[in-house]
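The next block holds one structure in the form of structure tokens; read it before the comments.
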Amino acid sequence: GSVLIWFDVDGKDPEWEVPEIPEISDKNVRWRGTTRHTVHTHLQEIHENGADQAHLPVVHWRTIFFYRPLWHQWGIKWAPNETHKWKTDFEVKEVMKVGNWTVPFTTFNVEGHHIGPGFVHFKMQSVFGPIWVVHNLLPVEGFLQKSNYEMWAPKHIPVWFCKIVLLGWANQYERDIKIWNQKMFLNAPQIVKNDGPIVQYRRWFKQFYSEKGTKTKVDFTNPDFF
């Protein structure tokens, strides 16, 4: 479980809550593992990955296996939720291939939601059934985040399969960390259509900055600001 505390620098009351995942709350699934990382970047950068479509075939094509002809093919859709302004919806399809041949039983269809600036809920459909993943980010400083992934699955899904999926998940995430730790924020990046809805994501994320903080022009690339 998690203990969640609302803090708003402007003193506002909570405007939204992190929804429960019924399968976890009702104990219909079992905990299958966790990953823990420290990331030296701003909170906004991490979840921008969901809108950054162009980085997937560049950063995440290689698998955790050493057979180089084996690779990941990705497809992703991202959009703000139409009902709740603090939420987004995304879909990811991943499959392994050797050359142009699709490896049987390696397709994952993922549905997920960004919930506020620091939570993500994933539900992935695998060959064995559904797997749930919860991602939470804890800001320690402006450019220092504690990142945790928790995996849950029905008891009929083999533990060894969940461990492989979690290992692959961590491996892909650590590739992003290497970039985030060196990345510089640009207020007006040169975005092209194939980069994905990055501008829309940044507009969506603006709602989580405080009114007090946005009244003063600041340099978000300067770690000394935080």
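The values are calculated or read from the model by the stated rules, or taken from the named source; none is laboratory data. Quantities reported herein were computed from a predicted structural model and do not represent experimental measurements. Because the Cβ atoms are built from the backbone with ideal geometry, glycine has one as well, and the counts that use them run over all protein chains shown. Remember, those area values only see protein heavy atoms, side chains included, never the ligands or the DNA or RNA. Shrake-Rupley method; radii C 1.70, N 1.55, O 1.52, S 1.80 Å.
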Residues satisfying the stated conditions in the range 25-60, i.e. β-branched (Val, Ile, Thr) and under 19 Å from the mean Cα position of the chain (by Cα) = 34, 35, 38, 39, 41, 46, 58, 59
Are there any pairs, at least 6 apart or on different chains, whose C-beta atoms fall under 8 Å, with the first in the range 1-12 and in contact (Cβ under 8 Å) with a residue 24 or more places away in the chain and the second surrounded by 10 or more Cβ atoms within 10 Å (Cβ to Cβ) and among the basic types (Lys, Arg), and if so, which?
-> 9/212; 10/212
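With 163, 155 as the choices, which residue is closer than 22 Å to residue 62 by Cβ and in contact (Cβ under 8 Å) with a residue 60 or more places away in the chain?
Values: 155 fails: closer than 22 Å to residue 62 by Cβ.
It is 163.
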Give the residue that is modelled with the lowest pLDDT, with candidates limited to residues of the range 193-215 that are open to solvent by less than 90 Å² (accessible area, probe 1.4 Å) and in a loop (DSSP other than H, G, I, E, B).
-> 210
Looking at (1) out of contact with any Lys or Arg (no Cβ under 8 Å at 6 or more places or on another chain); (2) under 24 Å from residue 185 (Cα atoms); (3) of a type outside the set (S, T, N, Q), which is the only condition residue 114 fails?
-> (1)
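Yes or no, residue by residue, for (1) closer than 16 Å to residue 139 by Cα; (2) in contact with a Leu (Cβ under 8 Å, 6 or more places away or on another chain); (3) open to solvent by 60 Å² or more (accessible area, probe 1.4 Å):
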{"position": "19", "(1), (2), (3)": "no, no, no"}
{"position": "30", "(1), (2), (3)": "no, no, yes"}
{"position": "35", "(1), (2), (3)": "no, yes, no"}
{"position": "43", "(1), (2), (3)": "yes, yes, no"}
{"position": "49", "(1), (2), (3)": "no, no, no"}
{"position": "58", "(1), (2), (3)": "no, no, yes"}
{"position": "61", "(1), (2), (3)": "no, no, yes"}
Open to solvent by 40 Å² or more (accessible area, probe 1.4 Å) and of a type in the set (Val, Ile, Thr): does that describe residue 98?
-> yes
Failed item in (1) acidic (Asp, Glu); (2) outside any loop (DSSP other than H, G, I, E, B); (3) under 20 Å from residue 153 (Cα atoms); (4) open to solvent by 30 Å² or more (accessible area, probe 1.4 Å), with residue 89 passing the rest = (3)
Within the set of pairs 6+ apart or on separate chains, which have a first residue in the range 178-196 that is free of Cβ contacts under 8 Å to residues at least 60 places away in the same chain, a second that is open to solvent by less than 80 Å² (accessible area, probe 1.4 Å), and C-beta atoms under 7 Å apart?
-> 184/221; 191/198; 191/199
Right, residue 82: free of Cβ contacts under 8 Å to residues at least 24 places away in the same chain, loosely packed, with under 12 Cβ neighbours inside 10 Å and under 30 Å from residue 17 (Cα atoms) or not?
-> yes
Hits in the range 131-170 - residues which are open to solvent by 60 Å² or more (accessible area, probe 1.4 Å) and not in a helix (DSSP H, G or I) = 138, 139, 140, 141, 146, 155, 156
